[in-house]
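Note sheet for the following structure.
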Amino acid sequence: TRLITVVLVSGRKDHGPGEHDYPAWAKAWKELLGVAEKTIVQTADEWPSAAQFKSADVLVFYQKGSWTAERARDMDAFLARGGGAVYV
């Protein structure tokens, strides 16, 4: 198995207690996925950096988020090079 890089993309907490806690999700899943062998886990707040788009094998989004033409271009390029995306 080759090394895999996962980027967990969250956003600011925008609901009440116990609801859609995006930062807590990123923290918990970084720790859980981080125990897997040959796995690098990074986090991004709101949107991955250019370096993360370049190095990631998969992006996992859990956020309210917003969509722009620039973000669509980022995702199109990422997917075209074989990256994967999960939206929770």
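Nothing in this text is a laboratory measurement; each read-out follows from the coordinates by a stated rule. Source: prediction; values computed, not measured. Heads up, the Cβs are rebuilt from the backbone with ideal geometry, glycines too, and the neighbour counts pull from every protein chain shown.
Quick notes on this one:
- Under the condition of being among the hydroxyl-bearing types (Ser, Thr, Tyr), farther than 19 Å from Glu31 by Cα and touching a residue at least 40 places away in the same chain (Cβ under 8 Å), the residues counted in segment 43-88 number 1.
- Scanning segment 6-63 for residues that are of a type in the set (D, E, K, R) and closer than 24 Å to Ala77 by Cβ gives Asp45, Glu46, Lys54, Asp57.
- Test for Tyr62: is it in contact with a Gly (Cβ under 7 Å, 6 or more places away or on another chain) and closer than 10 Å to Leu8 by Cβ: no
- Test: residue in segment 41-48 that is in contact with a helix residue (DSSP H, G or I) (Cβ under 7 Å, 6 or more places away or on another chain) and small (Gly, Ala, Ser): yes
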